[in-house]
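Quick note: the coordinates plus some simple rules give every number you see, no bench work behind them. It should be emphasised that the depicted structure is a prediction, and the values quoted were computed from it without experimental measurement. Cβ placement follows ideal geometry from the backbone for every residue including glycine, while neighbour counts extend to all protein chains displayed.
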Amino acid sequence: MSIRVLLVDDHGVVRSGLSRLIRDQPDIEVVGEAKDAAAAVDLAERLQPDIVVLDIGLPGESGLQAIPKIQRACSGCRILMLTMYAGPAYLREAIERGARGYVVKEYAFEELISAIHTIHNGDTYYKAPFEQPPVPLPVPEADPQAVDGISERELQVLVLVAWGYTSRQIADRINLSIKTIEGYRSRGMDKIGARSRADVVRWASTHGWLDPTRPLPGAAGEAVAGEEGLKRA
């Protein structure tokens, strides 16, 4: 039986190209196309596809906002994000909202078919040009706070820095001033011996904080990109 795919992208040329790529596969078929979130939810409910290939930058509601609505309309659907947005914060929010895969469009023709097969088989699939690969990393037995002697707030700020957030975005996210965030960032970096963001990324990776399935410190259940991420989407 073929894997049934719903394509969601606001650009007809993109949908046409993806459709041609998929239709060359003997075991995958495109059962519908949508150009916005509302149409995607409607088609997902009516067609009950196996995979929804979903863009983030849609008119009206973003693809990120549409994820839970599509899942309610089609409980068996697995969602694969295919987007131009390469920031790790987008990846993390997509996963927290329920997406099973994330592919940046520049890799679409090399990775899309593999991603569809992988997700259909029950696994996850991520392909984006991050400084560190966005794959699950082992969670250390020791608490990073205990290891490096940093406070809970310093930990929260450093992890968000590692995920690519600016000081302004972090301030908006946790309702503190930019000056306060810069203070936590500076003290935290001093404690872990970091001189640059690249050092912070390496530290976060070592302690398992770049695992996209792991809740962020002090933010259990909270969407990572928040309203700022949705506005930029």
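Here are a few things to note about the model shown:
- Efficiency of FRET from Cβ geometry, THR206 and SER114, R₀ 30 Å, rounded to 0.05: 0.55
- All lysines inside 21 Å of LYS191 as judged from Cα atoms, apart from same-chain residues fewer than 8 positions distant: LYS179
- Extension gain, SER16 to GLU152, is 44.1 nm, computed as 0.36 nm per intervening residue step minus the present C-alpha separation.
- Note on GLU45 and ARG23: the extension gain reaches 5.7 nm, defined as 0.36 nm multiplied by sequence separation minus the Cα-Cα distance.
- Mean Cβ count within 10 Å, highest first, over the residues of peptides 51-62, 104-115, 11-22, 152-163: 152-163, 51-62, 104-115, 11-22
- With a Förster radius of 41 Å applied to the beta-carbon distance between SER177 and GLU61, the computed FRET efficiency rounds to 0.85.
- All Cα-Cα separations within the range 3-127 were binned at 10 Å from zero, giving a P(r) of 15, 54, 31, 1, each value a whole percent of the pairs.
- Mean Cα-pair separation over length for the range 1-80, i.e. relative contact order, pairs under 8 Å, 6 or more apart, %: 34
- For the range 1-135, the relative contact order is 20 percent, taking Cα pairs closer than 8 Å that sit 6 or more residues apart in sequence and dividing their mean separation by the residue count.
- For the range 3-127, the residue among LEU6, ALA73, HIS117 whose Cα projects farthest onto the positive side of the dipole built from Cβ charges is ALA73.
- Rounded to the nearest Hz, the phi-derived 3J(HN,Hα) couplings of the range 175-187 under the Karplus curve 6.51 cos²θ - 1.76 cosθ + 1.60 (θ = phi - 60°) are 6, 10, 6, 4, 4, 5, 4, 4, x, 4, 4, 5, 5, where x marks glycine and proline.
- Cross-link partners of LYS35 among lysines (Cα-Cα below 25 Å; sequence separation of 8 or more within a chain): LYS69, LYS105, LYS127, LYS231
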